[in-house]
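The block underneath contains the structure these notes are about, expressed in structure tokens.
The values are calculated or read from the model by the stated rules, or taken from the named source; none is laboratory data. The shown structure was predicted, so the numbers you read here are calculated from the model rather than taken from an experiment. Cβ placement follows ideal geometry from the backbone for every residue including glycine, while neighbour counts extend to all protein chains displayed.
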Amino acid sequence: MKTTLFKLPLLLVVFYWLLYSVFTVIYLTKFDNDFISLYVGTDQIALKIVKQVLINFLLQIPNSVILFTISTIAFNQYSISIINRKNIINTFLVAIFIVLSYMVFRWSYYSYSYDWIVSKLRFLNIKDGDNFSAYIFHLAEHLIFYFFITLCTYLSIKLCKKNYICNEIILTETESQKLHMVLFICFYNCFFITMSYLLLFDGMYYSLSNLIFSIVLLAIFLSIVNLIGYFLLRKCFTAVTEILALKKVIFSSLITFILNCLLLILILYIYNYIYNFLPFDIISNTFKLFYLWMFLITLLISSCLLVRKMTKLFFDKH
């Protein structure tokens, strides 16, 4: 039977998204009386449900990257790589367990722990208006949820491994390079998406049209960036072995992400410094647009060079 490294993790992510959306709708329509009482009319309720599902979908993108990454590692560790009916059913059951556990954990956290944590922060004179403190607090929240979904995913696959049809995975050189590259890109995506969400995303106040636009824009952006990353990095992992070097992948992706953030700050500072010294009479709307595109192109090229250089440093044969 044909084996695969990534189809079962992708199926798990798809099941996770579908089940999370279904359970969200069930909760809103059956258990959240306040939600139904606020809106009169079937069309209005339907629109609000669609909006909430889209918000949850957008919020679950970081978790989905974590889910795909951890399940890929776990499936590889336990030699689960065959696509058949039994393995698909077991993956669906694992997805049900993860979604239910995660929803119960979120409900418990916001029902009991959240108010206690906020009260302690206020006791320490950390106010909601303190942007940096709020950023650190929300980052800590994300890390807590990441840890839970990581633990839940790994343990659920470990407990169900006897029900899967396994086969001995002997990675070829090409498969090992592809596995290391995909995990590197996934970890990098997780760091990037998390920081982006903390800085930019406030989905609760988005209109339905803005939510759809944000999802489409994010999908296009991530597709383009990851496609570029794939072609840049596909020949950089020549020093890997058939054994997954997980610690090196995590460490290298984190270091690369931090350096890329520093590079962003440096380029932003240089462009801002040059802009402040430009003659006022040449600064028009067209020039501002041109200057912005120059900044983005410079950032893209320099980031690509940095990421490629770092991956070759960690994983290429010298």
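On the given criteria, is CYS186 touching a residue at least 12 places away in the same chain (Cβ under 8 Å), surrounded by fewer than 18 Cβ atoms within 10 Å (Cβ to Cβ) and farther than 20 Å from TYR109 by Cβ?
no
For PHE237, indicate whether it is farther than 21 Å from SER64 by Cα, modelled with pLDDT of 85 or more, surrounded by 14 or more Cβ atoms within 10 Å (Cβ to Cβ) and hydrophobic (A, V, I, L, M, F, W, C).
Taking the combined requirement at face value, the residue satisfies it.
Being touching a residue at least 40 places away in the same chain (Cβ under 8 Å) and either in contact with an Asp or Glu (Cβ under 6 Å, 6 or more places away or on another chain) or assigned to a helix (DSSP H, G or I) (or both) narrows it down to one residue among PHE290, PHE257, PHE295; which is it?
Of the residues listed, the single one that is touching a residue at least 40 places away in the same chain (Cβ under 8 Å) and either in contact with an Asp or Glu (Cβ under 6 Å, 6 or more places away or on another chain) or assigned to a helix (DSSP H, G or I) (or both) is PHE257.
Residues of the range 240-262 being buried (at least 17 other Cβ atoms within 10 Å of the Cβ), among the hydrophobic types (A, V, I, L, M, F, W, C) and under 14 Å from PHE191 (Cβ atoms), which ones?
VAL249, PHE257
Taking the range 76-100, which residues are closer than 20 Å to PHE148 by Cβ and either in contact with a His (Cβ under 8 Å, 6 or more places away or on another chain) or surrounded by 20 or more Cβ atoms within 10 Å (Cβ to Cβ) (or both)?
THR91, VAL94, ALA95, ILE98, VAL99
If I filter the range 244-252 for residues that are basic (Lys, Arg), in contact (Cβ under 8 Å) with a residue 12 or more places away in the chain and within 30 Å of GLU173 (Cα to Cα), do I get at least one hit?
So far as the range 244-252 goes, yes, one or more of its residues are basic (Lys, Arg), in contact (Cβ under 8 Å) with a residue 12 or more places away in the chain and within 30 Å of GLU173 (Cα to Cα).
Limited to the range 165-180, what total is found for residues that are surrounded by 12 or more Cβ atoms within 10 Å (Cβ to Cβ) and either out of contact with any strand residue (DSSP E or B) (no Cβ under 8 Å at 6 or more places or on another chain) or β-branched (Val, Ile, Thr) (or both)?
Residues meeting the conditions: 10.
For the condition over 25 Å from SER214 (Cα atoms), at pLDDT below 80, surrounded by 14 or more Cβ atoms within 10 Å (Cβ to Cβ) and among the polar types (S, T, N, Q), what is the one hit in THR72, THR42, THR3?
THR3
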